[in-house]
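A short reminder: the numbers here are calculations on the coordinates, not readings from a lab. Source: prediction; values computed, not measured. Please note: Cβ atoms are built from the backbone with ideal geometry, for glycine as well, and neighbour counts cover all protein chains shown.
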Amino acid sequence: MLAEQSNTDPTSQDRLKRARSEVAQSLDELRDIARGLHPAVVSGHGLAVALESLAAATPLEVQLKTSGLPRLPEQLEVAAYYVVSESLTNAVKHARADRVTVAAAVSNDTLVVEIADDGIGGADSERGTGLRGLADRIEALDGRLRVWSSVDKGTRVRAEIPCG
């Protein structure tokens, strides 16, 4: 309707074109969020299979270590899934990494998930909302999220969640 009313004004047409593009992008992001609210693969197949799925969808070389990982309460598996998902996304988008190692295991009644990349480092949990959100999610389960990131030495993220 707006396009018809302003079809002779090039500035308005340009603005409408950008608005359409932004709305389409927002819808795509909303769909991604809706899919990500509760990853069905975690519920249906467990954390190990869900992490295999994430690794396969990541355009980096991912070394995955989940041997012997048991099924755990769903809220723990979902939290761990998001830690890995966000870490892989950060490695692709920000770290300029070539390789990422993902390890998940239970040790002393604690689920330990560790992600390390060979990227440029510089991750800061205080600057962005992604890592802070992950820390909040892990802390809500009485766990702890730690991030080590040195310039030119990559980033390592470690989540420890009690599961005993």
Where a residue in the range 81-108 is under 15 Å from residue 49 (Cα atoms) and its partner, wherever it lies, is of a type in the set (Asp, Glu), with Cβ under 6 Å and at least six apart: 103/114
Looking at 150, 107 in this structure, which one is more than 14 Å from the chain's Cα centre (by Cα), over 18 Å from residue 77 (Cα atoms) and polar (S, T, N, Q)? 150
Checklist (1) of a type outside the set (A, V, I, L, M); (2) over 15 Å from residue 88 (Cα atoms); (3) surrounded by 15 or more Cβ atoms within 10 Å (Cβ to Cβ) applied to residue 164, failing item: (3)
The one condition in (1) surrounded by fewer than 18 Cβ atoms within 10 Å (Cβ to Cβ); (2) among the hydrophobic types (A, V, I, L, M, F, W, C); (3) under 21 Å from residue 154 (Cβ atoms) that residue 56 fails to fulfil: (3)
